1. Provide Tyr30, Tyr132 in ascending order of the number of other Cβ atoms located within 10 Å of each residue's Cβ, fewest first.
2. Going highest first, how would you order 15-21, 95-101, 54-60 by mean Cβ packing within 10 Å?
3. State to the nearest 20 debye the size of the charge dipole of segment 3-175 about its Cα centre, where the only charges are +1 on K and R beta carbons and -1 on D and E beta carbons.
4. I need Asp130, Asp14, Asp136 ordered by Cβ neighbour count within 10 Å, fewest first.
5. How big, in percent, is the set of alpha carbon pairs in the chain lying more than 21 Å apart?
Amino acid sequence: MNKILILHGWGGSDAPHWQAELACEIAKNYGTVSFPLLDNCHFPSKNRWMRQVKTILEEFKPNTIVCHSLANTLWFWLCEESAIEPVKRLVMVAPPSLNTEESTIKTFFPAPLPKNLKAEKIEMIVSDNDPYINIDEAKAIAKHYTIPIKIIEDAKHINADSGYGKWDYIEKLIMDK
């Protein structure tokens, strides 16, 4: 059985964000999904989020992880510092720069590039005009891990504010395995 864990970034991903829509689609189709609201999502702490997600990983035991934004950075930290079990699939959407300087999320940065992303299959989806990472850094991260990168034109941070509510592409990608 495919068990999908959806991890949001800074501020959460409630409706109409594509992550909320994806969680609903998976559940509507009788899939197994966990879409937790991480602690204090507007003022997150790396250590609190790491503890919370480690517990979720141990209890839920997902096969697939879908990260948006700061959740990608969190995944890097989990892979760097924790003995987490590998998953079948990791989908990274709109990861921020490894050197983001936003004061509210400063505990997450600078972020490491762990040796291993603890996933058998990894996919990265980015925008060519994301305000949180330039396309060259996104390509360098993908090249570092030798993973495919899908670049969407003019999608900004690939969130509800940039028009990514119901997103057929991600639903098909996740639900078709």
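1. Tyr30, Tyr132
2. 15-21, 95-101, 54-60
3. It comes to approximately 580 debye.
4. Asp136, Asp14, Asp130
5. Counting every Cα pair in the chain, those more than 21 Å apart make up 43 percent.
Read-outs: derived from the displayed coordinates by stated rules, not from any lab. Treat the numbers as computed from the prediction; the structure is a model and nothing was measured. Methodologically, a virtual Cβ is constructed for each residue, glycine included, from the backbone with ideal geometry; neighbour enumeration extends over all protein chains shown.
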